[in-house]
Amino acid sequence: MKLGIFGATGLVGQTMLKILEDRESFKDVQVEVFASSRSKGQEIDYRGQKLVVQELSEESIKAGGLDYALSALDADLAAKFLPLAAQEGIVCIDNSSYFRMDPDKPLVVPEINLDTIRPEDKIIPSPNCSTIQSVIPLKPIYDAFGIKRIIYSTYQSTSGSGVGGLRDLEEGLKGKEPTTYPYPIAFNLLPHIDKFLDNGYTKEEMKMINETRKILGDDSLAITATAVRVPVKFAHAVSINVETKKPFSLDQVYKVLEDFPGLVVQDDPAKKIYPMNLYTEGKDEVFVGRIRRDESIENGLNLWCTADNIRKGAALNTIQILEKVAKLA
């Protein structure tokens, strides 16, 4: 098996390589790394060897002899290169937003809907980072009680904007002007992630709305979202307000959440135990807590969840998909 990493020198690409190193299932997999011409010739340490970065191009894709590819490219580059790779028979697991809402392609969170992948699928999109960590606690609730409405409020770290976002936070703490964000992020919150659309929402907010419906397979879900950038380096948090179709007890909610794969319940207010970004960084799981009724409506529920946006929200999710598709796990 020969695996390519597209965009290997970025934050997500680097995290993909770290996870692959740690997973026994990939010890016999040959890995090749690709990036832009700026990174061509760089060397990356991987399992005791040096991987030389190749320039991603039509020629290098055709010459690579790859079986699979993990893509950490942005949407424009994914749109350009992944169809070329697919034509070469390469199965591509894509972290960009470009193919997510394509009705002919599955949108996959392995804990939820691996069964939507077909043998003929050559491009398999992975969802938005905030969507992934939100639908994992929502899925068992949806299955047990049904869901009428969801209200998302996100608290997203600067690493979601790549190295530029992290740089703006670090330099902003020194009093320097931002270069990635329109306003300082240090000591500030920005209710603005991605471009604003004609309806007043941002693209990030609409991603969460549309992707949630697709993953849960329910276009009738009423969903709204507000996405906010916060001065944190890694890990996103999401406040989720849910209105269910059926009544529930909190004991029932705890049970379905605790039994769901990839989800860790941290909820003991008396002991000040609840999920926090700082302690979520570097973890594979999604953490959920502050579980309580919304007493303003019937069948209302509040949740607070955190996850490492670069790890589970991007790199790990694609690798978990690959393990199943390539029958490595």
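The values are calculated or read from the model by the stated rules, or taken from the named source; none is laboratory data. None of these values were measured; they are calculated from a predicted model. Reconstructed Cβ throughout: ideal geometry from the backbone, glycine too, with neighbour counts over all protein chains shown. Note: accessible area is taken over every heavy atom of the protein model, side chains too, but ligands, DNA and RNA are not part of it. Shrake-Rupley method; radii C 1.70, N 1.55, O 1.52, S 1.80 Å.
Key figures for this structure:
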quantity	calculated
Members of the stretch 58-80 found to be without any contact (Cβ under 8 Å) to a residue 24 or more places away in the chain and either among the polar types (S, T, N, Q) or more than 24 Å from Ile310 (Cβ to Cβ) (or both), listed by number	Glu59, Ala63
Candidates Glu298, Glu243, Glu323, filtered to the one that is part of a strand (DSSP E or B) and acidic (Asp, Glu)	Glu243
Output for the stretch 161-185, where each listed residue is in contact with a Pro (Cβ under 7 Å, 6 or more places away or on another chain), in a loop (DSSP other than H, G, I, E, B) and touching a residue at least 40 places away in the same chain (Cβ under 8 Å)	Ile185
Candidates Ile273, Ile291 - the one that is more than 14 Å from the chain's Cα centre (by Cα), open to solvent by 30 Å² or more (accessible area, probe 1.4 Å) and at pLDDT 95 or above	Ile273
Any hit, the stretch 15-36, residues being open to solvent by less than 60 Å² (accessible area, probe 1.4 Å), without any contact (Cβ under 8 Å) to a residue 40 or more places away in the chain and aromatic (Phe, Trp, Tyr)	yes
Residue count, the stretch 197-214 (criterion: touching a helix residue (DSSP H, G or I) at 6+ places or on another chain (Cβ under 9 Å), farther than 21 Å from Ile112 by Cα and not polar (S, T, N, Q))	3
Residue that is farthest from Ala314 (Cα to Cα) [pool: residues in the stretch 147-167 that are surrounded by 24 or more Cβ atoms within 10 Å (Cβ to Cβ) and under 16 Å from the mean Cα position of the chain (by Cα)]	Thr154
Matching option when the condition is part of a loop (DSSP other than H, G, I, E, B), touching a residue at least 24 places away in the same chain (Cβ under 8 Å) and surrounded by fewer than 24 Cβ atoms within 10 Å (Cβ to Cβ), among Arg100, Arg118	Arg100
Search result, residues across the stretch 121-139 that are in a helix (DSSP H, G or I) and open to solvent by 10 Å² or more (accessible area, probe 1.4 Å)	Cys129, Lys139
Enumeration of residues in the stretch 124-160 that are among the charged types (D, E, K, R) and either farther than 18 Å from Phe287 by Cα or at pLDDT below 95 (or both)	Asp143, Lys148, Arg149
Long-range neighbours under 7 Å by Cβ, at least six apart or interchain, first residue more than 14 Å from Cys129 (Cβ to Cβ) within the stretch 224-241, second of a type in the set (Asp, Glu) and assigned to a loop (DSSP other than H, G, I, E, B)	Asn241/Asp294
Test result for Ala315, part of a strand (DSSP E or B), open to solvent by less than 10 Å² (accessible area, probe 1.4 Å), touching a residue at least 40 places away in the same chain (Cβ under 8 Å) and not basic (Lys, Arg)	no
Per-region count, the stretch 192-217, residues open to solvent by 20 Å² or more (accessible area, probe 1.4 Å) and either basic (Lys, Arg) or more than 16 Å from the chain's Cα centre (by Cα) (or both)	13
Residue ID - most open to solvent (accessible area, probe 1.4 Å), chosen from residues in the stretch 218-233 that are closer than 26 Å to Phe99 by Cβ and either assigned to a loop (DSSP other than H, G, I, E, B) or in contact with a Leu (Cβ under 8 Å, 6 or more places away or on another chain) (or both)	Asp219
Criterion violated by Ile44 - all others in (1) crowded, with 22+ Cβ neighbours inside 10 Å; (2) touching a helix residue (DSSP H, G or I) at 6+ places or on another chain (Cβ under 8 Å); (3) not in a loop (DSSP other than H, G, I, E, B) satisfied	(1)
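So that you can scan it fast, the table gives a plain yes or no per residue for (1) in contact (Cβ under 8 Å) with a residue 60 or more places away in the chain; (2) polar (S, T, N, Q); (3) at positive phi:
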| position | (1), (2), (3) |
| --- | --- |
| Asn188 | no, yes, no |
| Pro191 | no, no, no |
| Asp218 | yes, no, no |
| Val253 | yes, no, no |
| Val264 | no, no, no |
| Leu278 | no, no, no |
